[in-house]
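Accompanying notes for the structure given below.
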Amino acid sequence: MRAYQDMVFSTASRLTGSDAQAEDIAQEVFIRAYERFADLGNSPTAGGWLKTVATNLSLNYLNRHRKRWRLFSEMHSAQDEEDSPQIEWEVPDTLLEDLGSEQRRQWVDSVLHQLPDHQRIPLVLYHFEELSYQEIAAKLQVSLTKVKTDIFRGRAALLPLLQARGDSHEAMDI
Amino acid sequence: MRNDEKLEQVMNEALRGLPPRPAPDSLESRVLAEIERRSMLVWWRRSFVHWPGAARAAFVLLNVALVAATFVNGVAGLVGGRSLTEFAAMVLMWLRPFLAVLSSVGALTPVLLNAMPSGWLYACAAVGVLYATLFGLSAVAYRTLYLRPSMAGNS
């Protein structure tokens, strides 16, 4: 369990945006793993299995939560989905290169939580869980166009937040 | 390279391969405590997949038998010794009161609409318009205040 608990917790936390919920999900993941210990014990696929279960349980939780808000949150017009948003600022060649990996991780996790669910979730599935656009669309049961638009907008919203780290990462070090 | 492609590449480099977040120290003890709690439960209070094989088989057989008995008794009781035509007539007889109620409602609606003062109709329309307006305002407020907190922070 110790070998995988950080990975499972990270997956759930980045997807749900809530540490408390991530801890509950991680607990459930390890209980399910314990119940299947005979199959998973020394299996080389145990890590992948744990990650998949953590992702699915997180998405189940988000789906239940989303149903309460679906009426309002999905009232997008077709135009809204098809519009190709433009980036109005210069994209830098690198990001956070001057930070160590742990500092970078802290900063990324802190700003990731500021994105709205509909941008953070596909962004995390794409950049952290390394799923394709098609896989994300299938998992979230939304159109491929919406996935691409949300990920693009998520990146565009995340960029200035990541760049702003120059002003405050010293404060985080204290 | 287009700006959006460059953004994807820069984000990939910044986000992929980051170390995982450390799990809270309490996670391991929580998991162990929950496993112990579940193991203390008597077998019939656990989830069905953890019941002993014999108990699961007996439960499934019992339920199949109950469903079959209910179905057979129900059909036998309804049909009895009747022919298919008699059975259909009996079903129609049961439906007759419902059909009568539906037909009465259908006849009553135009009478009510004619008898209703026009002020009431305007009031109903006003309530509908108010409801739609509040719905629209709520949707705009939700999308502005809840869905785009990061955008608000950027400006």
TODO: Taking only the stretch A:30-58 into account, find how many residues are open to solvent by 40 Å² or more (accessible area, probe 1.4 Å) and closer than 14 Å to B:Glu28 by Cβ.
DONE: 1
Task: Answer from B:Glu8, B:Glu34, B:Glu28, B:Glu13 - the residue that is open to solvent by 60 Å² or more (accessible area, probe 1.4 Å) and of a type in the set (Asp, Glu) - done: B:Glu13
Task: Set A:Ala137, A:Ala171, A:Ala164: member being at pLDDT 85 or above and either open to solvent by less than 30 Å² (accessible area, probe 1.4 Å) or of a type in the set (A, V, I, L, M) (or both) - done: A:Ala137
- [ ] State all residues of the stretch B:5-31 that are more than 25 Å from A:Tyr133 (Cβ to Cβ) and either more than 9 Å from chain A (Cβ to nearest Cβ) or in contact with a His (Cβ under 7 Å, 6 or more places away or on another chain) (or both); if no residue qualifies, say none.
- [x] B:Asp25, B:Ser29
Open item on the list: Out of B:Arg21, B:Arg96, I need the residue that is within 30 Å of A:Glu97 (Cβ to Cβ) and either of a type in the set (Lys, Arg) or at pLDDT 90 or above (or both). Which one?
Closed with: B:Arg21
Task: Filter result for A:Leu162 (touching a Phe, Trp or Tyr at 6+ places or on another chain (Cβ under 8 Å), closer than 20 Å to B:Gly17 by Cβ and at the interface with chain B (Cβ under 8 Å from one of its Cβ atoms)) - done: yes
Open item on the list: Considering only residues that are of a type outside the set (A, V, I, L, M), part of a helix (DSSP H, G or I), open to solvent by less than 90 Å² (accessible area, probe 1.4 Å) and farther than 30 Å from B:Ser39 by Cα, which ones fall in the stretch B:51-103?
Closed with: B:Gly74, B:Gly77, B:Phe87, B:Pro97, B:Ser103
Task: Positions within the stretch A:91-117 being under 23 Å from A:Thr52 (Cα atoms) and either among the acidic types (Asp, Glu) or more than 7 Å from every other protein chain (Cβ to nearest Cβ) (or both), in sequence order - done: A:Asp109, A:Leu112, A:His113, A:Asp117
- [ ] Considering only the stretch A:3-29, state which residues are within 8 Å of chain B (Cβ to nearest Cβ) and either open to solvent by 10 Å² or more (accessible area, probe 1.4 Å) or among the hydrophobic types (A, V, I, L, M, F, W, C) (or both).
- [x] A:Gln5, A:Asp6, A:Met7, A:Val8, A:Phe9, A:Arg14, A:Asp19, A:Glu23, A:Ala26, A:Gln27
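The values are calculated or read from the model by the stated rules, or taken from the named source; none is laboratory data. Nothing here was measured: the structure is a model prediction, and the numbers come from that model. Glycine also receives a Cβ, built like all others from the backbone with ideal geometry; neighbour counts cover every protein chain displayed. The area values use the complete protein model at the heavy-atom level, side chains included, leaving out ligands, DNA and RNA. Shrake-Rupley method; radii C 1.70, N 1.55, O 1.52, S 1.80 Å.
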